[in-house]
1. Could you list, in sequence order, all residues of region 87-107 that are among the acidic types (Asp, Glu) and closer than 24 Å to residue 175 by Cα?
2. Could you check region 131-181 and list, in sequence order, the residues that are hydroxyl-bearing (Ser, Thr, Tyr) and in contact with a strand residue (DSSP E or B) (Cβ under 8 Å, 6 or more places away or on another chain)?
3. So, in region 105-146, how many residues would count as being in contact with a helix residue (DSSP H, G or I) (Cβ under 6 Å, 6 or more places away or on another chain) and within 16 Å of residue 184 (Cα to Cα)?
4. Taking only region 159-181 into account, find how many residues are touching a Gly at 6+ places or on another chain (Cβ under 8 Å) and free of Cβ contacts under 8 Å to residues at least 24 places away in the same chain.
5. Quick one: in region 151-160, of everything that is surrounded by 14 or more Cβ atoms within 10 Å (Cβ to Cβ) and over 16 Å from the mean Cα position of the chain (by Cα), which residue is nearest to residue 68 (Cα to Cα)?
6. May I ask you to list the residues in region 54-102 that are outside any strand (DSSP E or B) and among the basic types (Lys, Arg)?
7. Report, by residue number, each residue of region 9-36 that is in contact (Cβ under 8 Å) with a residue 40 or more places away in the chain, among the polar types (S, T, N, Q) and part of a strand (DSSP E or B).
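The values are calculated or read from the model by the stated rules, or taken from the named source; none is laboratory data. None of the values given here were measured: they were computed from a predicted structure. We place every Cβ from the backbone using ideal geometry, glycine too, and count neighbours over all the protein chains shown.
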Amino acid sequence: MVTARPPKISLPAGVRLLPLEMNRDDRGVFTEVFRRSWDIGMEPVQWNFVTSQAGVLRGVHVHVRHVDYLIVLEGRASIGLRDLRRGSPTEGTAALVEMTGDELMALTTPPGVAHGFYFHEPSAHIYAVSRYWHVADEFGCHWADGDLEIPWPCQSPLLSERDATAPPLSELMAALEPYQPIASA
């Protein structure tokens with residue numbers, strides 16, 4: 001699976017950024033994106049395919065019950081992360097991870113780590129989840145809240161109505177309080 005080491009970034013505990021082996025020839029590229037034998041920190045129950053236009057930002061969301069496993073297949077995305085888990089060794093850590101379809105990597109995001117995706121150009125990604133989607137496991141806050149400390153590379157992205165009207169981080173933290181400390185799924 002691993003062909004090269006991912007760039008050195010201080011990531012929240014439990015977040016994994018794994019380069020994928022891209023087998024290239026004059027016909028194109030063959031890449032394994034998942035094998036049950038890989039230790040990715042989750043057992044997928046559902047896979048999703050998503051396309052996004054240039055300038056789209058999805059999130060910021062956080063889950064308390066499931067793990068995400070994301071691969072950007074085409075295009076370029078900046079993935080913003082913030083560890084919201086009380087007592088985590090990386091509590092409060094924020095990071096921005098660059099992912100492209102040119103150098104495939106897989107990003108695993110555990111429960112309690114807020115995440116959002118900004119797409120610099122038209123992009124396609126797949127992601128798997130360790131549990132089926134449920135409204136009780138879907139929390140969010142406004143992407144531009146300064147307390148997130150995510151250095152987004154954009155000023156006014158295209159947002160869903162839900163993300164545009166998301167509450168501040170302080171309200172998200174209050175909503176997460178009954179689940180703290182958030183355990184791994």
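1. Of everything in region 87-107, just one residue is among the acidic types (Asp, Glu) and closer than 24 Å to residue 175 by Cα, namely 91.
2. Matches in region 131-181: 132, 160.
3. 0
4. 1
5. If we take residues in region 151-160 being surrounded by 14 or more Cβ atoms within 10 Å (Cβ to Cβ) and over 16 Å from the mean Cα position of the chain (by Cα), then 159 is nearest to residue 68 (Cα to Cα).
6. Matches in region 54-102: 65, 85, 86.
7. Scanning region 9-36 gives a single hit, 31.
Results for (1) buried (at least 21 other Cβ atoms within 10 Å of the Cβ); (2) of a type in the set (Asp, Glu); (3) at pLDDT 95 or above, shown as yes or no for each residue.
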position	(1), (2), (3)
43	no, yes, no
83	yes, yes, yes
98	no, yes, yes
106	yes, no, yes
109	yes, no, yes
123	yes, no, yes
134	no, no, no
146	no, no, yes
149	no, yes, yes
